[in-house]
Amino acid sequence: MPQIMKLELPSHYAHRKSVYDAPFSTIMILSNTRSPYKNNLLRAFCLGLSLTSLVGCQSTSETAVVADEDINQALEIKAAAPVAVTNKIEATIISQSEIEISYEDLWERIKAGFQLNDFYNQEEVITQLNSYTDNQRYFDTVTARASPFLHWIVEEIDRRDLPQELTLLPIVESTFNPNAYSTKHAVGLWQFLGSTGQSFGLQQDWWYDGRKDPRASTIAALDYLEQLYNQFDEDWLIALAAYNTGEGNVRKAIRRWNKNNASSEINDENSKAEFWDLPLARETRSHVPKILALAVIISNDKKFGIALSPIPNQEPLAVVEIGAQIDIAQAANLANMDHGLLRSLNPGYQQWATHPDSPQHLVVPIENSQALIVNLADVGKQELVTWDRYEIRSGDTLGGIATKLGTRVDILQTVNQLRSSRIIAGDSLLIPRSSINVAAAIPNYRRRNSVSIPVPAKHTVRRGENLWTIARRYDIRSRDIARRNNIELSELLQPGQILNLNFADSATTAVVEGSLATSRTEYSVRRGDTMASIARRVGVSLEQLLSLNNIAIDSIIYPGQLLKVSL
């Protein structure tokens, strides 16, 4: 049995004692049926019985918001039985916990945990309600994105005894998109800047960005929010404002308020600055009310013309520690699941595989975890990774690298999203160990047919062609074409212009792009793409593309994001 199958608790979670509580040498399948939050669950259960039974749950009843109308009956789903695996990868079923789940619908549990309802009637909050009222599509999009990750976030907030309004912060920050990237370079559900993320332990490198990892970033965000809460006299509204605009800006606003208060004719030495009084930027002054407005609507969704789709109050995902780097496409095959789904559940991984050092865990649906564990036992370590990383050296050409490493130029261009044969020394290329899994690993992979035809002695320039596209077609250097034809690399070519190619090896294989082997259903966003340009490229209307992906026309898209382009 390969040693790599031995469990190691993910290093960046090792200091946490939450849903990762498990024997150190076992793989833990996460389920709230083994939740360590029994007190919170029982407390919430008391809230749901009746107002007269709240004596034993007083701390909750003082702050909880009870909706005027009950949400639609949630689906009845049995809690999944947790699974543990020894370091020999022998799967066993552990008996189900006797802890009773208070709420079938996670939204109801979130409502019961709201604590900031004293501020719901503020004028600024009421103003923000108009942004969300009757916007069913927005809530459907948020619910769909949040569903895989929301239960774990709610559990972590409950474990820390924090207000469940914090659960709504990623809705305002990123519409629950773990791949969201702002113009200010903030990333992930919780919109961390690189420096802030690093200060709270979020690993960021070529392989992995913890800001995109829903669990790692949630831990960092809650750590940061708790720090701000303590720093600003246990005021959650000011803490949320500081999360948005920075501690320094909030301190300046407080100093200005204190100065104005001291010079006021009605000077109250015991008064304390409140969020509503602070001279903050317009964005921040609307940011906090948006969170509270969402809480108001979620507390009574039907009243505001919204029907929240129920989310089962149970953990849908399992975390499996592989113990070695693994190709994500290979892992998807072993787990009997869709590769795109596996990537979407593990957005922290930047490349085709998990990290060569750490982290090396994968988040999978509970129903696929058993297959992954069992099939891993039959795979050797050398089979876990089907790609290598190659650092380009001075003098390298794409054709030379392909020949040296036993692959093809068109495959290297496709998997590395190169628009030409131009490469730069010091950059890296992804090299498949075999071409078998290329189509599965790259969602927008276009199969090409290598046609063995002689490179013509002359080439007549067509409309839209340039030196790069011509060089790519014949797998020769654009600089060689320019030099032999006494033209500049940047020179604009004219349709009908004749280029001399008789210097090229007549045996060079011309690459002719063919059609898709199967109909394309997803598109991987490239740098510089817009929704409109993608719609034109894949032959659908902009409205269809937006509808297929449940996103607004002003939504941010990012390189590597997968978009549906057909049903």
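The values are calculated or read from the model by the stated rules, or taken from the named source; none is laboratory data. As the structure is a prediction and not an experimental result, all values here were calculated from the model. Cβ placement follows ideal geometry from the backbone for every residue including glycine, while neighbour counts extend to all protein chains displayed.
Observations on the model:
- Of all residues in segment 299-324, those being farther than 17 Å from Gln370 by Cβ and within 20 Å of the chain's Cα centre (by Cα) number 1.
- Qualifying positions in segment 356-370 - more than 18 Å from the chain's Cα centre (by Cα) and at pLDDT 95 or above: Ile366, Glu367, Asn368, Ser369, Gln370
- Residues of segment 335-355 that are over 12 Å from the mean Cα position of the chain (by Cα), under 19 Å from Asn549 (Cβ atoms) and surrounded by 19 or more Cβ atoms within 10 Å (Cβ to Cβ): His339 alone.
- Failed item, numbered, when Val409 is tested on (1) touching a residue at least 60 places away in the same chain (Cβ under 8 Å); (2) within 22 Å of Ser524 (Cα to Cα); (3) among the aliphatic types (A, V, I, L, M); (4) in contact with a Pro (Cβ under 8 Å, 6 or more places away or on another chain): (4)
- For segment 425-440, the set of residues classified as charged (D, E, K, R) and modelled with pLDDT of 80 or more consists of Asp427 only.
- For segment 398-426, the set of residues classified as aliphatic (A, V, I, L, M) and touching a helix residue (DSSP H, G or I) at 6+ places or on another chain (Cβ under 9 Å) consists of Leu398, Ile401, Ala402, Leu405, Val409, Ile411, Leu412, Val415, Leu418, Ile423, listed by residue number.
- Enumeration of residues in segment 102-132 that are closer than 18 Å to Pro163 by Cα and part of a helix (DSSP H, G or I): Leu106, Trp107, Glu108, Arg109, Ile110, Lys111, Ala112, Asn117, Asp118, Phe119, Val125
- Output for segment 220-230, where each listed residue is surrounded by fewer than 22 Cβ atoms within 10 Å (Cβ to Cβ) and out of contact with any helix residue (DSSP H, G or I) (no Cβ under 7 Å at 6 or more places or on another chain): Asp223, Glu226, Gln227, Asn230
- Tally, over segment 276-289, of residues that are crowded, with 20+ Cβ neighbours inside 10 Å and either under 27 Å from Phe139 (Cα atoms) or in contact with a Cys (Cβ under 8 Å, 6 or more places away or on another chain) (or both): 4
- Among the conditions (1) in contact with a Ser or Thr (Cβ under 7 Å, 6 or more places away or on another chain); (2) without any contact (Cβ under 8 Å) to a residue 60 or more places away in the chain; (3) of a type in the set (A, V, I, L, M), the only one that Leu398 does not satisfy is (2).
- When Ser271 is tested against the conditions (1) part of a loop (DSSP other than H, G, I, E, B); (2) modelled with pLDDT of 95 or more; (3) hydroxyl-bearing (Ser, Thr, Tyr), the lone failure is (2).
- Residue count for segment 313-343 under the criterion of being farther than 22 Å from Asp388 by Cα and among the polar types (S, T, N, Q): the result is 3.
- Entry remark, segment 283-330: residues being at pLDDT below 95 and basic (Lys, Arg) number 2 in total.
- Leading residue by the ranking (surrounded by the fewest Cβ atoms within 10 Å (Cβ to Cβ)) among those in segment 187-201 that are part of a loop (DSSP other than H, G, I, E, B) and without any contact (Cβ under 8 Å) to a residue 24 or more places away in the chain: Leu193
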